[in-house]
Protein chains: 2
Amino acid sequence: MDRSSSDADATRSRRATITDVAQLAGVSRSAVSRVFNAQGGISAATEERIRDAARKLHWTPSATAIALRSARSRTVGLVLNRPGVAKDGDPELPSGMFTGLEKVLARHDFGLLLHIATSAEHEEQTYRRLAEARRVDGVVLLESRVGDTRFELVRRLGLPAVLLGTPWVEDPISYIGHGPRGAGMREVAEHLLELGHRSIAAVSGPEDYVESSHRDRILREVLATGGAGLVAHHPGPYTPVTAAERTRAILEQHPEITAIVYATDEMAIAGMATLREHGLRIPEDVSVVGYNGTDIGAWYSPALTTVRRDVSQRGRAAARTLLGLMGVTVEASDEQVVDPELVIRASTAPPRGAATATATATAG
Amino acid sequence: MDRSSSDADATRSRRATITDVAQLAGVSRSAVSRVFNAQGGISAATEERIRDAARKLHWTPSATAIALRSARSRTVGLVLNRPGVAKDGDPELPSGMFTGLEKVLARHDFGLLLHIATSAEHEEQTYRRLAEARRVDGVVLLESRVGDTRFELVRRLGLPAVLLGTPWVEDPISYIGHGPRGAGMREVAEHLLELGHRSIAAVSGPEDYVESSHRDRILREVLATGGAGLVAHHPGPYTPVTAAERTRAILEQHPEITAIVYATDEMAIAGMATLREHGLRIPEDVSVVGYNGTDIGAWYSPALTTVRRDVSQRGRAAARTLLGLMGVTVEASDEQVVDPELVIRASTAPPRGAATATATATAG
DNA sequence: TTGAAAGCGCTACCAC
DNA sequence: GTGGTAGCGCTTTCAA
């Protein structure tokens with residue numbers, strides 16, 4: 001092969017760099033840089049020539065070079081802890097949240113790096129690696145846990161972080177809390193009280209999840225205030241299978257309950273199947289409430305009463321906060337924080353033979 | 001503030017670089033580099049000193065610097081097209097797939113960069129940006145469409161890519177196909193035929209999705225072979241709401257149908273609600289089949305017959321292929337490709353008054 | 001077995 | 001307004 005003729009090819013195939021653009025435009029590299037960083041101090045004519053050259057060469061500044069130069073990767077990390085992956089369970093990704101996060105990050109030209117850890121150690125190691133290799137400028141923390149060591153960890157690593165949830169103890173970390181009103185559980189409790197329920201069970205999330213235990217606490221408190229009791233409380237993983245098991249346990253130990261509150265819609269659906277197996281009708285014999293409805297419960301029969309949250313909005317808020325922490329000037333948002341909303345459908349009704357408290361309670 | 005004393009602080013707080021490690025170990029930077037790249041040619045004693053120094057300084061090579069130096073970012077991009085985001089629908093992320101992808105990528109120290117586009121143009125622009133800014137070394141393409149322009153695009157951009165699906169036309173792109181057997185639809189069709197169904201409807205995915213149309217084609221062919229007909233075919237988006245609407249349309253125009261095949265479990269659940277509204281019982285009056293069961297259908301009443309696929313495995317396969325394309329030596333996998341599996345549950349049964357073909361058909 | 005030095009693509013400081 | 005140049009943290013010849 002003729003070596004000299006391949007030169008042209010090489011030149012053509014190699015990705016353009018700022019030097020190529022400068023050359024084509026007949027200016028220095030600094031000039032090109034200035035144009036693309038909107039620093040001014042370049043005449044309109046020159047700028048035009050430079051932009052032309054860049055366009056012709058399909059040139060865009062190399063993210064990598066900029067990252068090295070500025071010591072910022074313009075990337076945010078997200079580590080999901082999904083032990084289930086090991087046995088190939090289906091670790092549902094909180095998609096609404098991703099959407100919200102990504103939307104805001106992309107607008108500021110930040111990328112979202114996704115990692116999935118399969119154990120606590122693996123998780124910690126992942127954060128450590130991301131930080132030490134300087135692959136990310138900050139991280140989003142999900143699923144706040146009791147005894148969570150991640151806040152301390154990211155602090156030690158010097159990694160800006162935002163928690164989507166509420167820390168288990170007072171902590172200087174930035175967070176998007178689940179709100180003071182029990183993330184909608186107050187409304188759930190009041191709804192059940194109004195219907196006349198007095199013996200209620202909860203099939204909730206893991207005990208060491210801050211939000212889950214917060215939801216339980218509010219539920220218990222509000223029920224107590226209304227003269228009712230949370231007579232059975234079964235925390236556990238967010239899986240339908242175990243929800244079915246826990247439902248069975250409740251029916252054996254507390255046949256008197258007239259309503260069950262589940263931690264997710266999927267769990268509620270599994271629970272309803274179990275209730276049916278035991279010959280119980282919904283809502284005539286037992287009322288059922290889900291959580292975080294992705295509308296799937298609406299199609300169930302009976303349609304599932306649930307709590308709906310705008311997780312996408314929470315994602316957006318987290319992204320804005322994190323960008324701020326990383327020193328990016330982010331537009332002030334006039335976005336209202338939307339409270340969780342109780343969606344009353346057909347799976348809740350007054351218990352059998354209850355004095356219908358509804359009439360009096362609803363007045364007002 | 002005493003300027004000279006702050007020097008020590010600065011030294012301490014600044015992240016360590018390879019130079020710091022070299023200095024502490026009393027060697028040159030090249031020596032450090034060689035140790036961490038397992039290039040050999042370094043005496044055991046020196047290596048020990050270097051590793052000690054690195055440990056003491058918490059030093060890990062900067063991913064950014066390596067990226068610049070090697071012109072590879074060790075990152076893979078994934079662009080999801082979810083127009084629904086605009087109206088804040090819930091664009092479900094194929095979580096199993098992510099898990100599979102990430103698992104293999106992480107093992108090779110590759111990151112997964114997630115982007116969500118809200119339109120075809122936005123999508124194309126995203127790929128372009130990722131490529132031109134050299135943020136990724138390759139991309140994973142999802143949801144193969146008829147008339148898909150992405151293969152051509154990534155080729156022009158010089159971006160290694162793997163498609164999770166089958167290209168709409170013969171194309172040199174690497175792909176993890178949906179398999180020759182109709183992604184499980186052959187089994188669905190045979191199952192319905194055996195039960196004795198002859199008038200069947202399909203509420204399927206978008207017409208321009210390759211996999212969806214492939215599934216429909218196989219369904220139609222196998223049914224025809226068995227002397228049955230796909231009398232109604234309603235493609236559309238993967239949303240429960242429209243599935244309900246399409247179910248209504250089918251009932252009006254083709255009251256004779258005895259089975260409906262849905263594109264997803266969620267759509268099937270919405271469809272079943274609609275069937276019930278019309279006073280039809282499942283499976284006595286109409287049999288229903290879902291797809292891609294995330295087990296949620298198992299808890300429905302009646303439990304939903306569906307097709308189960310190991311999407312996580314497909315994700316792993318895609319990651320391996322892509323890594324190969326990017327020049328990473330990836331361990332040969334002995335992982336078997338698992339065929340989609342028909343999961344027969346309670347939502348399918350012989351049609352009313354059908355000669356039970358089951359006995360004869362199943363024999364063998 | 002080890003070190004010196006060039007250079008990856010870019011920005012920012014300092015000249016002119 | 002514009003150009004020259006040092007240097008971000010690393011790898012990789014080439015020499016010793």
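The values are calculated or read from the model by the stated rules, or taken from the named source; none is laboratory data. Here the structure is a predicted model, which means the values were calculated and not measured. Backbone-built Cβ (ideal geometry, glycine too); neighbour counts: all protein chains shown.
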* Mind listing whichever residues of region A:16-35 are under 15 Å from A:Lys56 (Cβ atoms) and near DNA strand C (Cβ under 8 Å from one of its atoms)? => A:Ala16, A:Thr17, A:Ile18, A:Thr19, A:Asp20, A:Val21, A:Val32
* Set B:Ala31, B:Ala63: member being small (Gly, Ala, Ser) and more than 9 Å from chain A (Cβ to nearest Cβ) -> B:Ala31
* Answer yes or no as to whether B:Ala38 is away from every other protein chain (no Cβ under 11 Å), under 38 Å from the mean Cα position of the chain (by Cα) and of a type outside the set (Phe, Trp, Tyr). => yes
* To do: Answer yes or no as to whether B:Thr99 is among the hydroxyl-bearing types (Ser, Thr, Tyr), more than 16 Å from DNA strand D (Cβ to nearest atom) and not in a loop (DSSP other than H, G, I, E, B).
  => yes
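Report, by residue number, each residue of region A:188-206 that is acidic (Asp, Glu) and under 9 Å from A:Leu223 (Cα atoms).
A:Glu190
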* To do: Quick one: A:Arg217 ticks every box in (1) in contact (Cβ under 8 Å) with a residue 40 or more places away in the chain; (2) more than 18 Å from A:Thr348 (Cα to Cα) except a single one, so which number is it?
  => (1)
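Look through region A:284-317, keep the residues that are part of a loop (DSSP other than H, G, I, E, B) and among the β-branched types (Val, Ile, Thr), and return whichever of them is farthest from the other protein chains (Cβ to nearest Cβ). Spell out how you get there, then give the answer.
Quick first cut of region A:284-317, residues part of a loop (DSSP other than H, G, I, E, B) only: A:284-286, A:290-295, A:300-304, A:309-310.
Adding the requirement that they be among the β-branched types (Val, Ile, Thr) leaves A:286, A:294.
Values: A:Val286: 15, A:Thr294: 5 Å.
Among them, the one singled out is A:Val286.
Listed residues B:Glu331, B:Glu284; which is surrounded by fewer than 17 Cβ atoms within 10 Å (Cβ to Cβ) and touching a residue at least 40 places away in the same chain (Cβ under 8 Å)?
Of B:Glu331, B:Glu284, the one residue that is surrounded by fewer than 17 Cβ atoms within 10 Å (Cβ to Cβ) and touching a residue at least 40 places away in the same chain (Cβ under 8 Å) is B:Glu284.
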* Structure fact -> In region A:42-79, residues that are within 12 Å of DNA strand C (Cβ to nearest atom) and touching a strand residue (DSSP E or B) at 6+ places or on another chain (Cβ under 7 Å) total 1
* **Residue count for region B:295-349, restricted to those that are of a type in the set (Gly, Ala, Ser) and within 30 Å of B:Gly77 (Cα to Cα)** => 9
* Pair list, Cβ under 9 Å, 6 or more apart: region B:235-253 residue in contact (Cβ under 8 Å) with a residue 60 or more places away in the chain, other residue among the charged types (D, E, K, R) -> B:Thr239/B:Glu266
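Among the listed residues A:Gly184, A:Gly227, which satisfies the condition of being more than 21 Å from A:Met272 (Cα to Cα) and part of a loop (DSSP other than H, G, I, E, B)?
It is A:Gly227.
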* Asked: Which of the residues that make up region B:190-217 are among the aliphatic types (A, V, I, L, M) and assigned to a helix (DSSP H, G or I)?
  -> B:Leu192, B:Leu193, B:Leu195, B:Val210
* Regarding A:Arg82, is this residue within 14 Å of DNA strand C (Cβ to nearest atom) and under 30 Å from A:Ser119 (Cα atoms)? -> no
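Rundown of residues vs (1) surrounded by 19 or more Cβ atoms within 10 Å (Cβ to Cβ); (2) hydroxyl-bearing (Ser, Thr, Tyr); (3) touching a Ser or Thr at 6+ places or on another chain (Cβ under 6 Å), yes/no style:
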| site | (1), (2), (3) |
| --- | --- |
| A:His178 | yes, no, yes |
| A:Gly184 | yes, no, no |
| A:Asp208 | no, no, no |
| A:Leu223 | yes, no, no |
| A:Leu230 | yes, no, no |
| A:Glu256 | no, no, yes |
| A:Val261 | yes, no, no |
* Asked: Just one of B:Ala232, B:Ala249 is more than 14 Å from chain A (Cβ to nearest Cβ), more than 16 Å from B:Thr348 (Cα to Cα), part of a strand (DSSP E or B) and touching a strand residue (DSSP E or B) at 6+ places or on another chain (Cβ under 7 Å); which is it?
  -> B:Ala232
* Taking region A:254-276, which residues are at the interface with chain B (Cβ under 9 Å from one of its Cβ atoms), of a type in the set (S, T, N, Q) and either touching a Gly at 6+ places or on another chain (Cβ under 7 Å) or touching a residue at least 40 places away in the same chain (Cβ under 8 Å) (or both)? -> none
* Unmet criterion (only one of (1) within 16 Å of DNA strand C (Cβ to nearest atom); (2) within 10 Å of chain A (Cβ to nearest Cβ); (3) within 22 Å of the chain's Cα centre (by Cα)) for B:Glu92 -> (1)
* Asked: Has region A:244-260 got at least one residue that is under 23 Å from the mean Cα position of the chain (by Cα) and of a type in the set (Val, Ile, Thr)?
  -> no
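Rundown of residues vs (1) among the small types (Gly, Ala, Ser); (2) out of contact with any strand residue (DSSP E or B) (no Cβ under 9 Å at 6 or more places or on another chain); (3) closer than 16 Å to A:Gly179 by Cβ; (4) not assigned by TED's automatic domain parsing to the domain that holds A:His197, yes/no style:
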{"position": "A:Ala268", "(1), (2), (3), (4)": "yes, no, no, no"}
{"position": "A:Met272", "(1), (2), (3), (4)": "no, no, no, no"}
{"position": "A:Leu275", "(1), (2), (3), (4)": "no, no, no, no"}
{"position": "A:Gly279", "(1), (2), (3), (4)": "yes, yes, no, no"}
{"position": "A:Ile282", "(1), (2), (3), (4)": "no, no, no, no"}
{"position": "A:Tyr291", "(1), (2), (3), (4)": "no, no, yes, no"}
{"position": "A:Thr305", "(1), (2), (3), (4)": "no, no, no, no"}
{"position": "A:Ala319", "(1), (2), (3), (4)": "yes, no, no, yes"}
{"position": "A:Leu323", "(1), (2), (3), (4)": "no, no, no, yes"}
* Structure fact -> Residue count, region A:155-176, condition in a loop (DSSP other than H, G, I, E, B), over 14 Å from A:Val76 (Cα atoms) and either among the aliphatic types (A, V, I, L, M) or touching a residue at least 40 places away in the same chain (Cβ under 8 Å) (or both), comes to 6
* Under the condition of being in contact with a Leu (Cβ under 9 Å, 6 or more places away or on another chain), basic (Lys, Arg) and in a helix (DSSP H, G or I), which residue from region B:106-154 is nearest to the other protein chains (Cβ to nearest Cβ)? -> B:Arg128
